[in-house]
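This report concerns only the one structure given below.
The values are calculated or read from the model by the stated rules, or taken from the named source; none is laboratory data. From a predicted model like this one, the values you see are computed outputs, not experimental measurements. When we count neighbours, we look across all protein chains shown, and the Cβ atoms used for this are built from the backbone with ideal geometry, even at glycine.
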Amino acid sequence: MTKSGGVLTALCLMLLLAAPGCSPSPGGNTAESVLTQETAVYLQAPLAFSNPAPSPSPSMPNPALPADRLPADDGVPAGGSAAASDSKELPAPDPAPSATSLTIPPAGSPSVTASVYNPNQAKVRIPVLNYHSIAIDPGNPAALTPDKLEAQLSYLAEEGYTTLTLQQFTDIMEDKQKPPAKPVLLTFDDGYTDNYETAMPLIRKYDFHATLFMTPGWVDKPGYLSWEQVKEMQKAGWDVMPHGMSHPKLNQLNAERQAQEIIEARKLIEAQLGVTADIFCYPYGLYNKQTLAILKEQGFRYAFTIDQGFTDPGQQPLQLKRIFVDGNQSLPSFIRRLK
């Protein structure tokens, strides 16, 4: 390697989180590479909380992060953006033939399915918790240790929270069911093997419900679930919905490729599990007007972003908020985000 080539490589490695596009493509579609890339996107687009901001607490700087991306309050970025990420580092998507910039309709624009909502539901606020990998990976915001997950689940149980199935969630959103005193929806993105090996037994221990947003194109790849495992999770009471066929950055794809990613993921889940997979979760939290139009055309009822805050019936059905569960945060910080 030439001296200039070595310098360039070093610079790319140093800028991995600051500019993911400079980094070399992952060597394979591994769960580790996916979580890293998703974390980088998440940190590049810090999220704002619509619920009251928690009191700031000191956090140790992460030397791997640029100064303007240092986490606030136990690792959750401060600031606001409608686009971000979700979990392990994903392989870079194929070059998009016609990249489009992220464009999100104004908050006051008409809802895609606004007619199903009752204005009397305005007081309903549901924390939809956004988990990813349940593993020991120090410093990775998208990986939560098993001990931390159990502590969080124990807190929810002790405080009387009711975990919702997706059917219960949608019934509450559509005013077909009265919400429990403390509702919460647990969501796990991507489909990591540790969701089956570690999260599922803990969810079962507390007699809780959970939802898996999976990437069907990654089934059986290293670090990802098999269909047999997914089916066992479904039998254990988990809802399973699509998260894109190959976990692409949808806003960088043209309409045809976006449709393929969305429709094929849905078809495969429905064929394997015998369910109606009409609730979507945006890979990396990224989407644009084309994405919204495709989801509406294909009959998707709801879609989850990683825009931060409680979910309520007044939100756009295809732009629902969630609360990112940061692997670096403490239990008190987790609890504050539920208030």
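Descriptive notes on the structure:
- Total residues in region 205-224, condition in a loop (DSSP other than H, G, I, E, B), within 28 Å of PRO183 (Cα to Cα) and touching a helix residue (DSSP H, G or I) at 6+ places or on another chain (Cβ under 6 Å): 2
- Selection status of GLN290, outside any loop (DSSP other than H, G, I, E, B), more than 14 Å from the chain's Cα centre (by Cα) and either at negative phi or touching a residue at least 24 places away in the same chain (Cβ under 8 Å) (or both): yes
- Scanning region 327-338 for residues that are assigned to a loop (DSSP other than H, G, I, E, B) and touching a Ser or Thr at 6+ places or on another chain (Cβ under 8 Å) gives GLY327, ASN328, SER330.
- Hits in region 141-162 - residues which are polar (S, T, N, Q) and either touching a Lys or Arg at 6+ places or on another chain (Cβ under 8 Å) or at pLDDT below 95 (or both): THR162
- Tally, over region 152-191, of residues that are closer than 20 Å to CYS281 by Cβ, without any contact (Cβ under 8 Å) to a residue 24 or more places away in the chain and not in a helix (DSSP H, G or I): 0
- If the condition is being out of contact with any Ser or Thr (no Cβ under 8 Å at 6 or more places or on another chain), touching a residue at least 40 places away in the same chain (Cβ under 8 Å) and either crowded, with 18+ Cβ neighbours inside 10 Å or in a loop (DSSP other than H, G, I, E, B) (or both), then region 228-252 contributes VAL230, PRO248, LYS249.
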